[in-house]
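This report concerns only the one structure given below.
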């Protein structure tokens, strides 16, 4: 049965990118596909021939050593079709959006670790930033998720789960807190148990549109997915009553197709989020903060003690909250550290590569 990849979000830009690569191959067994599941070095992809098991081609692995990147769920790829076994992933098409973090999270004992980008999902249209309306609601964490979402290229939507646990007054108060932090980003309170608020998600769940779920374990991602799908796609585990923390339900990344035709990428819960190359995302998430900077009397204002500082004035009269200002400074510090440390490590790797090349060249000369 023929599968139309357009139903899986394959756009015109993806088509032209794939045509260019396929023309280079000039072999009929190479076809475009989308990665729908990742389990270590094993993949499932969907293409015109249906679902296939796939693994990385040897030449692709060689490219990884030269600075390439692994395919992730949501990626559009070129595969060498094999009817009798695993197909081979040969190339990854350009990503329209990606959600990424870093493997260095700022802890001193990990300082010497290699800092690199970790992409967890790609080519999505919307990001559902999920947080439960229990004791685990954390505005600082949501602010960090928002920054990463703006940087990703997707459109963020705050989805506050487990609304059935609160009274109407408490629910309104919690939603108001998040909306104040979110500004123009939609904030939707829902209950997967009762169905409350789910209809407000419909505009983001259109056919061939991809949504990625982002949130800590225990926020109700699996419950929401099951409710939207109308069947139990994921096992739901109880949270701990003492601290509202959840056990990890999702252990790998996977793309699901809903009856509406929308596509959902579920990712393992994350309690920490390192920001990768996030300066642009920070500017979008904290646009109201950075709009104050040109109003300062001095162009090199540090916003600490200078007279005529617009930031200090906004903090004093309440236009800017201390929480938001601290969040902004924390994310700027982390982003700067990651980029500077990453640049240092890249330079260090290039230095060692040049030494290795010199040694190989000398050995080759001696052997000749």
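The values are calculated or read from the model by the stated rules, or taken from the named source; none is laboratory data. On a predicted model such as this, the values are computed, not experimentally measured, just so you know. No Cβ is skipped: glycine too gets one built from the backbone with ideal geometry, and neighbour counts run over all protein chains shown.
Which one of these does residue 16 not meet: (1) without any contact (Cβ under 8 Å) to a residue 12 or more places away in the chain; (2) under 23 Å from residue 261 (Cα atoms); (3) assigned to a helix (DSSP H, G or I)? In the conditions (1) without any contact (Cβ under 8 Å) to a residue 12 or more places away in the chain; (2) under 23 Å from residue 261 (Cα atoms); (3) assigned to a helix (DSSP H, G or I), residue 16 misses (2) alone.
Note on region 214-224: residues that are part of a helix (DSSP H, G or I) and surrounded by 24 or more Cβ atoms within 10 Å (Cβ to Cβ) total 2.
If you check residue 265 against the conditions, is it within 22 Å of the chain's Cα centre (by Cα) and either under 18 Å from residue 182 (Cα atoms) or at pLDDT below 80 (or both)? Before you say what the answer is, go through the steps one by one.
On the way: within 22 Å of the chain's Cα centre (by Cα): yes; either under 18 Å from residue 182 (Cα atoms) or at pLDDT below 80 (or both): no.
No.
Among the conditions (1) in a loop (DSSP other than H, G, I, E, B); (2) in contact (Cβ under 8 Å) with a residue 12 or more places away in the chain, residue 211 misses just one, which is (1). For region 175-188, residues that are within 16 Å of residue 138 (Cβ to Cβ) and touching a strand residue (DSSP E or B) at 6+ places or on another chain (Cβ under 7 Å) total 5. Of the helices (runs of 4 or more DSSP H) lying entirely inside region 285-368, those containing at least 3 residues that are modelled with pLDDT under 60 and surrounded by fewer than 17 Cβ atoms within 10 Å (Cβ to Cβ) span 322-367.
Exactly one residue among 272, 241 is assigned by TED's automatic domain parsing to the domain that holds residue 158, surrounded by fewer than 16 Cβ atoms within 10 Å (Cβ to Cβ) and either modelled with pLDDT of 90 or more or out of contact with any strand residue (DSSP E or B) (no Cβ under 7 Å at 6 or more places or on another chain) (or both), and that residue is 241. Within region 194-201, is even one residue under 23 Å from the mean Cα position of the chain (by Cα) and either crowded, with 19+ Cβ neighbours inside 10 Å or in a strand (DSSP E or B) (or both)? Yes; the residues of region 194-201 include at least one that is under 23 Å from the mean Cα position of the chain (by Cα) and either crowded, with 19+ Cβ neighbours inside 10 Å or in a strand (DSSP E or B) (or both). Within region 49-59, the presence of a residue that is assigned to a helix (DSSP H, G or I) and touching a strand residue (DSSP E or B) at 6+ places or on another chain (Cβ under 6 Å) is excluded. Of the set (1) crowded, with 17+ Cβ neighbours inside 10 Å; (2) closer than 30 Å to residue 288 by Cβ; (3) touching a strand residue (DSSP E or B) at 6+ places or on another chain (Cβ under 6 Å), all apply to residue 151 but (3).
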